[in-house]
Amino acid sequence: MAGKILDKIEIPQDRFELRLSGSGGQGMILASVILGEAIGADGTKNITQSQSYGPEARGGASKADVVVSSGEIFYPKAMKLDLLLAMTQESLDSYYPFLKENGTLIVDDVLVTEVPTDNYYGLPFTRLAREEAGHVMVANVIALGAIGAITGIVTHETLVEAVLARAPRGTEEKNRKAVEIGYREGARLLKEKAAGK
């Protein structure tokens, strides 16, 4: 992918806003809950999580937001995004205008084919879930692993713990593998961008 190198994210002292978006059924709400729990696990940050249900539950663009702050969070919803994950073209089209100028954009580059910038990270989350993890339903967890690797916003170990705490019984290994795939692919992409590929 073309684009300039994005530095590791430092959570600012005031407010950091993330939006995970896709279509209903892709698990963006659960992913945002897991991410919020992982970021807040050490108790040094305040976290709010909110989501959009409505008609999105039947396949339209859906979103779930996580707001992170070291101080008090007076307004719990995202206003200007520092990070946007778009798992579908519709979700990118709907929410890209809310991304800050130098915000981090991560997309499923199989389902998202028209990106209005060269400054983004693209990985085939859904295909990786189907072909490597054995189930398309863990694409959201792969995306979380990639977010962790690309941004440094949460440690690998903390994210694994948060994912396993929410994984349905009997799916722990599949979910653990999904985190590993996401971290591996996110780290590879970060290295390629750093090398100017």
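Which residue is nearest to Thr171 (Cα to Cα), if the candidates are limited to the stretch 94-147 and must be among the acidic types (Asp, Glu) and in contact (Cβ under 8 Å) with a residue 12 or more places away in the chain? If you could, list the steps in order and put the result at the bottom.
Of all residues in the stretch 94-147, those among the acidic types (Asp, Glu) come to 101, 108-109, 114, 118, 131-132.
Now drop any that are not in contact (Cβ under 8 Å) with a residue 12 or more places away in the chain, which leaves 108-109, 114, 118, 132.
Values: Asp108: 23, Asp109: 26, Glu114: 34, Asp118: 36, Glu132: 15 Å.
Per the criteria, the residue is Glu132.
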### Qualifying positions in the stretch 125-150 - surrounded by fewer than 16 Cβ atoms within 10 Å (Cβ to Cβ) and among the basic types (Lys, Arg)
Arg130
### Message
Let me spell it out: the conditions are (1) at pLDDT below 95; (2) under 20 Å from Tyr96 (Cβ atoms), and Ala31 meets all of them except one. Which number is the exception?
### Response
(1)
### Query
Can you spot a residue in the stretch 70-85 that is within 25 Å of Ala194 (Cβ to Cβ) and without any contact (Cβ under 8 Å) to a residue 12 or more places away in the chain?
no
### Message
Tell me yes or no: at least one residue of the stretch 116-124 is within 13 Å of Ser23 (Cβ to Cβ) and surrounded by fewer than 17 Cβ atoms within 10 Å (Cβ to Cβ).
### Response
no
#### Entry: Residues (within 19 Å of Val68 (Cβ to Cβ), among the β-branched types (Val, Ile, Thr) and either at pLDDT below 95 or surrounded by fewer than 15 Cβ atoms within 10 Å (Cβ to Cβ) (or both)) located in the stretch 151-197
Thr151, Ile153, Val154, Thr155
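The values are calculated or read from the model by the stated rules, or taken from the named source; none is laboratory data. Keep in mind that what you see is a predicted model, and the values were worked out from it rather than measured. Here the Cβ is made from the backbone with ideal geometry for all residues, glycine too, and neighbour counts use every protein chain on show.
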